Amino acid sequence: MNNNDRVNFGSRLGVVAAAAGSAVGLGNIWRFPYELGQNGGAAFLLIYLGFVLLLGMPIMLSEFLIGRMGQANSAGSFKQIAPNSKWSLIGVMGVIASFLILGFYAVVSGWTLEYVVQAIGDQFRNRDTATLAQVFTNFSSNSYRPLLWMFLFAVGTYFIVLAGIKDGIEKSSKFLMPMLLILIIALGARSITLPNGYEGLQFLFRPDFSRINSEVVLGAMGQAFFSMSLGMGCMITYGSYINKKNQLSHTVIEVSIIDTIIAILASIAIFPAVFSLGINPAQGPELVFITLPSVFANIPGGYIWSIVFFVLLAVAALTSAISLLEVIVAYFVEEFKIKRQKAALIATIIIIVLGTLASLSLGPLKDVQVFGHGLFSLFDTISSRILMPLGGLAIAIFTGWIIDTDKIKAELSNNGKFNIKYVPVFLFLTRYLAPILISIIFIHQLLS
Ligand code: PHE
């Protein structure tokens, strides 16, 4: 495909909606709250915000830039910009990361579908928290039911990606995102006003710095990459679909703000309820699936709320999964000249196999441990704590040191049309700060 006939997102809003659709997902509503709960609350939040600002935003801009300059998939874009070099391996690593992420992401997405059905069946009503916790454990460790949902979700994602960028991806993101936002605000308002809800807010906003250690810092960095869909070629791939007229820096700011706000709002909906109901904040992956049903069980109109919430959560997961699958499909189609349909099919089959392993690792395959992790947590850990930060490191170095500065300026300013006063700061962050910060965190982790 040459530069002119590559598909583009249809509108400015479409770009933001698709990129935010990728960023906002289970990472914000499911993963962020439990990572925060396990890593000491407010101190984690603060460090996380620092990473969004200092690493996330410049790396997102770098990815958009690389994709739009290269006009190709996550590996192909590097080849276009730096021919005959090994940089395209970053893109290949991103494709591997996409598979691993989808391997557990599809499982959790499947859980959201199960909870839609439970919500419709009014199954949260009159149940106490202990019972809801038991229900979740029984379900997630079951050998068949979660597999069925994971399978359905993967197939759904396959069909949307087949439909292509404009119709499939853009349209579905545009109106569902705002709905999700409104619902989470409303849930937060309810949660804060529960008895003892105040304690949850303290946990969330009053930092206890004694809890910071290298594990917490690495966790916060991994979460920032995961939540903003960075370091694995996703925003490179989407960047390649962004129209030349789009001001990339604005899109980065908008997407980062939306992503961060949703993660914080989700925590405001969850932690006051956690403290009010006496749930352990360091629960882990089941946190959302136990806490929010307990809230729904106790509020007027909880029936409707619960249905709408889990439907929107499933949709948020879908728009992120679409972007993950698109990384793989664009790579297969362009690098191996495979038809879109076939590429998506092959990818989906591999994802279902990985998803099956991840899901069973919470039940029958519980004892299979690699490096002290079950498979579900292994896929998550390798991708978010190793591959994504490593990809981010390489992307920052590539942008800061390899791409010609004048070309960066031309691309970001649309050949002089937009104001790019921020470029020196951007270059400082990509050249020095991001590579040094990520390296220190890695080294520190290795030594500790
Ligand atoms: N950012 C998505 C989320 O928060 C997950 C994701 C990671 C999507 C990497 C694409 C690439 O749910």
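The values are calculated or read from the model by the stated rules, or taken from the named source; none is laboratory data. Remember, predicted model here, so these are calculated numbers, not experimental data. Please note: Cβ atoms are built from the backbone with ideal geometry, for glycine as well, and neighbour counts cover all protein chains shown. Heavy atoms of the whole protein, side chains included, go into the accessibility calculation; ligands, DNA and RNA do not. Shrake-Rupley method; radii C 1.70, N 1.55, O 1.52, S 1.80 Å.
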In what order, largest first, do 179, 93, 232 sit by accessible area if the probe radius is 1.4 Å? 179, 93, 232
Over the chain, what is the relative contact order in percent, taking alpha-carbon pairs closer than 8 angstrom and at least six residues apart? 34
With +1 assigned to the C-beta of every Lys and Arg and -1 to the C-beta of every Asp and Glu, and no other charges, what is the dipole magnitude of segment 156-276 about the Cα centre in debye, to the nearest 20? 320
Carbon/sulfur accessible area of the chain, % of total, 1.4 Å probe, equals 66
Rounded tilt (10° steps) of 214-227 against the dominant C-alpha axis of the chain: 70
What is the projected area of the convex hull of the Cα atoms of segment 356-448, averaged over all directions, in nm²? 8.6
I'd like the FRET efficiency for residue 419 and residue 179, computed as 1/(1 + (r/R0)^6) with the beta carbon distance as r and R0 of 35 Å, rounded to 0.05. 0.55
Once you keep just the Cα pairs under 8 angstrom separated by 6 or more residues, what percentage relative contact order results for segment 237-349? 18
Most to least packed among 22-30, 303-311, 200-208, 96-104 [average Cβ atoms within 10 Å]: 22-30, 96-104, 303-311, 200-208
Kindly rank 128-137, 384-393 from highest to lowest mean number of other beta carbons found within 10 Å of each residue. 384-393, 128-137
Computed magnitude of the charge dipole of segment 12-447 (debye, nearest 20; Cβ of K, R +1, Cβ of D, E -1): 980
Positive end of the dipole of segment 294-448, charges at C-beta (+1 Lys, Arg; -1 Asp, Glu), about the Cα centre: which of 327, 350, 405 has its Cα farthest in that direction? 405
In the structure shown, do any of 79/407; 244/409; 79/244; 244/339; 245/417; 245/407 have a Cα-Cα gap over 18 Å, and if so which? 79/244; 244/339
By average Cβ neighbour count within 10 Å, what is the ranking of 150-156, 324-330, 435-441 from highest down? 324-330, 150-156, 435-441
Relative to the longest principal axis of the C-alpha atoms of the chain, give the angle of the C-alpha long axis of helix 340-360, reported between 0 and 90° and rounded to the nearest 10°. 40
Between residue 370 and residue 405, what is the spin-label point distance in nm, taking each point 7 Å from the Cα along the Cα→C-beta axis? 4.4
Helix-only mean residue ellipticity at 222 nm for the chain, each DSSP H run of n ≥ 4 adding -39500 (n - 2.57), per residue, nearest 500: -22000 deg cm²/dmol
Using alpha-carbon coordinates alone, the radius of gyration and Dmax of the chain in Å work out to 21.0, 64
Tell me the angle of helix 171-192 to the major Cα principal axis of the chain, expressed in degrees between 0 and 90 and rounded to the nearest ten. 40
With the other protein chains left in place, how much accessible area per residue, in square angstrom, belongs to segment 12-447 at a 1.4 angstrom probe? 38
